[in-house]
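The structure under discussion appears below in the form of C-alpha cells.
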Number of protein chains: 2
Amino acid sequence: MNQFVKFISQFISLSNEDTIALENVLSNKSYKAGDKIVQEGSICNSILFTVSGKSRSYFVNHEGQEFTWNFHFNDADSKFENYFLVDYYSFLRQTPSHLTIEALEDIEAITLSYTNIQKIVSKSINLEKVASIMSATAYENVHKRAFTLLTSNAKERYLQLLKDEPYLLNKFQHYLIASYLGVAPQSLSRLRKEISKP
Amino acid sequence: MNQFVKFISQFISLSNEDTIALENVLSNKSYKAGDKIVQEGSICNSILFTVSGKSRSYFVNHEGQEFTWNFHFNDADSKFENYFLVDYYSFLRQTPSHLTIEALEDIEAITLSYTNIQKIVSKSINLEKVASIMSATAYENVHKRAFTLLTSNAKERYLQLLKDEPYLLNKFQHYLIASYLGVAPQSLSRLRKEISKP
DNA sequence: TACTTTCATTCACATTTGTGAAGAAATGAA
DNA sequence: TTCATTTCTTCACAAATGTGAATGAAAGTA
C-alpha cells in the first residue's frame, strides 16, 4: 500500500473509492542529494510526501544568509509536518515561494499536485478533512515558531529544542541547527558548552 | 448595511440569500477599555470583526512578560488582518488560546461564532471562499512574522515597520510597539535616535 | 490650575550574541 | 591507511541588546 495513503488512513477512515481516487492522483518522484526540491521564486504547485531521505527548507535574507525553516524526514522521530515538502504560503495562494527546499540526501517522495487536490477534495468529504488537518497543522507549526522567536532568547530556544526535538542534533549538522535557531554556529557551540557543565 | 457584510462583499459577490444567511448569524458585541476580549487558556469560539476601537493581542512568556502579537483597529490604515479579533490557532482546533486580546479603548464589534460559520459555510460555496481567504491570510501573516523574526535583527525589524506600517507609531504607545518588535522599550528608543540622525 | 500617573528618552553598565581566526575533530576520498 | 575537506569548537574582541535608574514630557484627574 502507498505510504502516503497509509499515513492519511491514520487520521481518517477512507472508503475503497476514496483510496482508489487518492492513489490515482499520486505519483512517485525522486531527487538527488543537493537538488532543489522547491525553488525560491517559483510557484509551489504540489505537495510532496517524504518516503525516504533528509531535506531542509530555508529562507535567504537580503544579505544572502540562509535560515533553516524546518527539517524534513520520515522516521520514528519525525512529526506530522516533517513529512511534507511544500511552501504552504506559496501553495495556498499559488504565488512565488519564499522558501527553498534542498535535498540533503537522495530523496524518494510521493507527489500530489494542487489541481489534483482540488479534484479529490471536491469528491470526498473525508479527503476534505485531510486538507484541513494539513493546513491547520501548518498553521500551528508556523504559529509556534513565531511565538518562540518573539518571546525567547537563543539559550531558551536551544533548551526548548533539547526538550522538544533533541534528535535533530544527531540527524543534522550543527550549523544547520544554528540557522534553525536563528543564531551563529559559534554561538550555538558556546551555548552547548555552557549548558553541558553548569 | 452591516459593516462585516460590506467588508466581505469587497472580496466575494454575495447573493441576496447569502447576505441574509450571513446577517442572521451575526450579532453585535461591545467591550470597555481594559476588557479581555480573548482570554489566554479559554477556547476562542467566535471571530470578532472590529467596528471601532483599538485593541491588541499578546502572548505572555513563562516570566510573565508580555509580547504584542498584533494591533487591531478599523480605519483607513488598517489591513485585512487588523480587523479580526481571534486566536486562529485556538479557533481552528477549538483548543485553549495562547493569545490574550485586550481592549485598549471601548470596542464595538460584530461577532460570528464557530458553529455559525460551519452552518453558513456548508450552505454557500461563496461563503466557503471567505473562510478560506481568511485562513490563508492568517497563515500569511504569521508566516511573515516568523520570517522577519528569524532573519532580521532589531534595527532591521524597526526599519521594516517604518516602511510597512509607520502609522502604528502614532496609534499605539511605543512600549507596545517595542514588544511587537521583540525588543526592550529602551532599545527601541535608542534605535529611533540612531536612525533619525545618521 | 496643580497634582499624579504614565510613558518616552537618556545614560551607564551588564549581558548576550556576532565575527573572524585558529586549531581540533570528524568525515570522505584516494 | 593517508590526505583533503568539512564541520565543530574555542578564543578574543566587537557589536547589539537588555537592565535599572534618573529625568523630563505628556496625559489624565481633582
Next on the checklist: For B:Val142, only one of the following conditions fails: (1) more than 16 Å from DNA strand D (Cβ to nearest atom); (2) within 17 Å of the chain's Cα centre (by Cα); (3) farther than 28 Å from A:Thr137 by Cβ. What is its number?
Outcome noted: (3)
Checklist entry - All but one of (1) modelled with pLDDT of 85 or more; (2) assigned to a helix (DSSP H, G or I) hold for B:Glu128; which doesn't? => result (1)
Checklist outcome for this item: A:Gln118 fails exactly one of (1) surrounded by 14 or more Cβ atoms within 10 Å (Cβ to Cβ); (2) outside any strand (DSSP E or B); (3) not acidic (Asp, Glu), namely (1)
Checklist entry - Would segment A:23-38 turn up any residue that is surrounded by 14 or more Cβ atoms within 10 Å (Cβ to Cβ), away from every other protein chain (no Cβ under 14 Å) and farther than 15 Å from A:Ala109 by Cα? => result no
Next on the checklist: Looking at segment B:52-71 only, could you name the residues that are in contact with a strand residue (DSSP E or B) (Cβ under 6 Å, 6 or more places away or on another chain) and within 16 Å of DNA strand C (Cβ to nearest atom)?
Outcome noted: B:Ser55, B:Arg56, B:Tyr58, B:Glu66, B:Phe67, B:Thr68, B:Phe71
Item to check | First in segment B:176-198 and farther than 13 Å from B:Trp69 by Cβ, second anywhere and within 6 Å of DNA strand C (Cβ to nearest atom), Cβ under 7 Å, 6 or more apart | outcome: B:Ala178/B:Pro185; B:Pro185/B:His174; B:Pro185/B:Tyr175; B:Leu188/B:His174
Next on the checklist: Which condition from (1) out of contact with any Ser or Thr (no Cβ under 8 Å at 6 or more places or on another chain); (2) over 15 Å from B:Asn116 (Cβ atoms); (3) of a type outside the set (Ser, Thr, Tyr) is the one that B:Phe59 breaks?
Outcome noted: (1)
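Looking at B:Asp18, B:Asp87, can you tell me which residue is touching a residue at least 60 places away in the same chain (Cβ under 8 Å), of a type in the set (Asp, Glu) and buried (at least 17 other Cβ atoms within 10 Å of the Cβ)?
So the residue among B:Asp18, B:Asp87 that is touching a residue at least 60 places away in the same chain (Cβ under 8 Å), of a type in the set (Asp, Glu) and buried (at least 17 other Cβ atoms within 10 Å of the Cβ) is B:Asp18.
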Item to check | Counted residues, segment A:148-169 - those being closer than 19 Å to A:Asp75 by Cα and within 18 Å of the chain's Cα centre (by Cα) | outcome: 7
Checklist entry - Counting only residues that are more than 22 Å from A:Tyr139 (Cβ to Cβ) and in contact (Cβ under 8 Å) with a residue 24 or more places away in the chain, how many does segment A:38-64 have? => result 8
Next on the checklist: Of everything in segment B:187-198, what is among the hydroxyl-bearing types (Ser, Thr, Tyr) and near DNA strand D (Cβ under 8 Å from one of its atoms)? Give them in sequence order.
Outcome noted: B:Ser187
Next on the checklist: Within segment B:101-109, does at least one residue satisfy the condition of being within 14 Å of chain A (Cβ to nearest Cβ), crowded, with 17+ Cβ neighbours inside 10 Å and of a type outside the set (S, T, N, Q)?
Outcome noted: no
Checklist entry - Out of segment A:155-186, which residues are over 25 Å from A:Ser55 (Cβ atoms) and within 11 Å of DNA strand D (Cβ to nearest atom)? => result A:Gln186
Next on the checklist: Are there helices (runs of 4 or more DSSP H) fully within segment A:131-198 with at least 1 residues that are at the interface with chain B (Cβ under 10 Å from one of its Cβ atoms) and touching a Phe, Trp or Tyr at 6+ places or on another chain (Cβ under 6 Å)? List them.
Outcome noted: A:174-181
Checklist entry - When you go through A:Tyr158, A:Tyr175, A:Tyr139 one by one, which is the residue that is surrounded by 19 or more Cβ atoms within 10 Å (Cβ to Cβ), at pLDDT 95 or above and not β-branched (Val, Ile, Thr)? => result A:Tyr158
Checklist entry - Condition test on A:Tyr175, is it closer than 22 Å to A:Asn74 by Cα and within 12 Å of DNA strand C (Cβ to nearest atom)? => result yes
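The values are calculated or read from the model by the stated rules, or taken from the named source; none is laboratory data. Computed from a prediction, not measured in an experiment: that's the story for all the values here. Note that we place each Cβ from the backbone using ideal geometry, even for glycine, and neighbour counts take in every protein chain shown.
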